[in-house]
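Asks: This is the structure, below, for whatever I ask next.
The values are calculated or read from the model by the stated rules, or taken from the named source; none is laboratory data. No experiment lies behind these values; they were computed from the predicted model shown. Cβ: placed from backbone, ideal geometry, glycine included. Neighbour counts: every protein chain shown. When the accessible area is computed, the model is the full protein with side chains, heavy atoms only, and any ligands, DNA or RNA have been set aside. Shrake-Rupley method; radii C 1.70, N 1.55, O 1.52, S 1.80 Å.
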Amino acid sequence: MNPFLCFVLQAWNPSSCQVSSMETSRFFRDYAVWEINAFLWISLITITYFLSYKLFKLFKLWNQACKIPGPPSPSFYGYFTTLCKQNLTEVLSDSHEEYGSIVKLWLSPKQLLVSIKEPEIIKEMLLKAKDKLPLTGKAFNLAFGRSTLFASSFDKVESRRESLASELNVRLLDRANLIPTKAVDHIMAELHQNMTKGSINCKMTSQHMAFTLLGATIFGDTFLAWLKSTIYEELLMMVAKDACFWASYSVIPFWKQGFWRYRRLCTELKWLTQDLVQQCSKYRQYRHMEPSANLGMEAGVFLQDNISLQVINGRHNVRDESCGNIMSLLFHGCLTTGGLINNMLMRLVTHPEIQHKIYSEIIMAKKGSEDKAQPVVEKMPLLWATIYESARVMPAGPLLQRCSLKHDLRLKSGVIVPAGAILVVPMQLVQTDDSSWGNDAGKFNPYRFLSKTEKTSASPNMDASIAGHAEELKDQRKCTFVLKDPNKNPAFLPFGSGARACVGQKFVIQGVATLFASLLEQYEVRLRSGSKTNSKPSTNYSMSQDFLSSELVFARRNN
């Protein structure tokens, strides 16, 4: 019988003897031992169940992964140590050559990476796998605060992404030519000051161009006149640089001083974002704005859930989520757009004949336009083709990453990818594959995105040299080129595809095209004399830092 029950019966029995203090002490001791033993048994059962469940999931992962082809794990830690010394794209290239279009790599005993190279399977995967790894959303939230645009789970961002895509690619796209023109004037004014000191770093210049273009698009003329924009850009890149490092901690590293310094930088970035929004509100409230300024403000207000800023005691009530959305969008857009601008600049300086033909195209388009002040980029197919080819040959990032967090991914090829596995598309391998792009897949050839509309003595040949095509374009009256739709090739993925594709890809391409139309009309871009990258760079999987950070010179044209 339970000792506690015996004790109660004795206490209510008038005929029983009074319980001695020794018996009472023994009772409480036995009862405590019983309770502790019960707690320990429950804890043991719970921990055993939890560990057994984890072990079951691990064995299930291993069982499912063994059916996917791929190289054996070199050690208990998988390819983690190998990838610290060797480029991941090179490892995936060797694996795909040996094991086929779908291969697996173990990054750790619990982390599986599955790489897909076949375009049709990639298209299916991007439609079904809609999530990102939790670390991605955690890094964005840590750096920029709560955001409904870059959460890991697709369910949380679906409606928001659809609204933003409609705003950028439908309503604002028609007037996208206005802002890049003003942004170019602002950028070139700053570059002109910097050029007096010598050459300009290509990577830093591209980043600044992208930041100015996006800032002017979102906030209008207010951003171009904002005195703190340079500080904001530097702080944004500093915060984003260490976001993944601090987000990798399972527990907040409150014992590290570096973490608190990082948090202070994040707070300063948030304050600057609020200040920028406040300046926009004042500009909108006290000044009758031009159409381009209205465009920027409409985009800025849209990012704040279409709620007008309210003035409360002289301060604007800006919600944390709105700031997080703005900062996340600026960083992500600056990263991808800056990479595209950098690639475009380097291709133009290493292929001056293409730059010359684009300049001739700009002049001809402007002569046939009624508005001489605005470049008509729709009449510049070679410019657009050069942008597409720059994005193809040298994508902004080496990998396109997706994940299915809750459910296993079943592909038509018969492969089942376990839930939680990292699904990647090796961009450089896919976008330079001979089977999708022809024998010259590794060469820079923007004419692959163009087709002739009139017959000439020479038949179209997509594998011809650039010099030959440039010769054909000398007489524009005899031969006209029309831009092809690059998305018809499933291996063209610079902006992703499927549910998580870049929501502003049309808007970005339009902005970059207008940016270069205005830029090349006024300036010729050259490599600094004596630069290591004067020769045309070959496409490889390990892009040299010299190529990405070359020194440029902008020479004003004598029109």
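Asks: Sort W384, W62 from largest to smallest accessible area, using a 1.4 Å probe on the heavy atoms of the protein chains.
Replies: Most to least solvent-accessible, the answer reads W62, W384.
Asks: With a 10 Å radius around each residue's Cβ, average the other Cβ atoms per peptide and rank 500-507, 324-331, highest first. Walk me through the numbers before you get to the answer.
Replies: Working: 500-507: 19.9, 324-331: 23.4.
Sorting 500-507, 324-331 by mean packing, highest first, produces 324-331, 500-507.
Asks: Rolling a 1.4 Å sphere over the protein heavy atoms, what is the accessible area per residue of the range 236-285, to the nearest Å²?
Replies: Value for the range 236-285: 61 Å² per residue.
Asks: Sticking with this structure for a sec: Over what distance in Å are the Cα centres of the range 325-359 and the range 88-139 separated?
Replies: Going from one Cα centre to the other spans 27 Å.
Asks: To continue, here is another question. For L44 and L227, calculate 0.36 nm times their separation in residues minus their Cα-Cα distance, and state this gained length in nm to one decimal.
Replies: On the way: separation 183, 0.36 × 183 = 65.88 nm, distance 6.21 nm.
Extending this stretch completely gives an extra 59.7 nm.
Asks: Find out how many positive minus negative residues lie around K488, taking Lys and Arg as positive, Asp and Glu as negative, among other residues whose Cβ is under 14 Å from that of K488. Show your work: numbers first, answer last.
Replies: Details: positive: K123, R392, R448, K484; negative: E120, D485.
Local net charge: +2.
Asks: In terms of modelled amide H atoms, which long-range or inter-chain residues lie less than 5 Å from the amide H of L399?
Replies: Here M427 satisfy the definition.
Asks: On the full set of protein chains, 1.4 Å probe, figure out the accessible area of R263 and give it in Å² to the nearest 10.
Replies: Counting only protein heavy atoms, the figure is 80 Å².
Asks: In the full protein assembly as shown, how much of H356 is accessible to a 1.4 Å probe, in Å² to the nearest 10?
Replies: Taking all protein chains as shown, H356 has close to 110 Å².
Asks: For Y49, Y388, give me the order by solvent-accessible area with a 1.4 Å probe, most accessible first, ignoring ligands, DNA and RNA.
Replies: Sorted by accessible area, descending: Y49, Y388.
Asks: Which ³J(HN,Hα) values, rounded to whole Hz and listed in residue order, are derived for the range 511-519 from phi using the Karplus coefficients 6.51, -1.76 and 1.60 in 6.51 cos²θ - 1.76 cosθ + 1.60 with θ = phi - 60°, glycine and proline given as x?
Replies: Along the range 511-519, the couplings run x, 5, 4, 5, 4, 6, 5, 6, 5 Hz.
Asks: Ranked from the most accessible area to the least, with a 1.4 Å probe and all protein chains present, what is the order of R161, R392, R26?
Replies: Descending accessible area places them as R26, R161, R392.
Asks: Please compute the Kirkwood hydrodynamic radius over the range 330-424, one decimal place, Å, based on all pairs of different Cα atoms.
Replies: Working: mean 1/r = 0.0601 Å⁻¹.
Mean inverse Cα-Cα distance, inverted, gives 16.6 Å.
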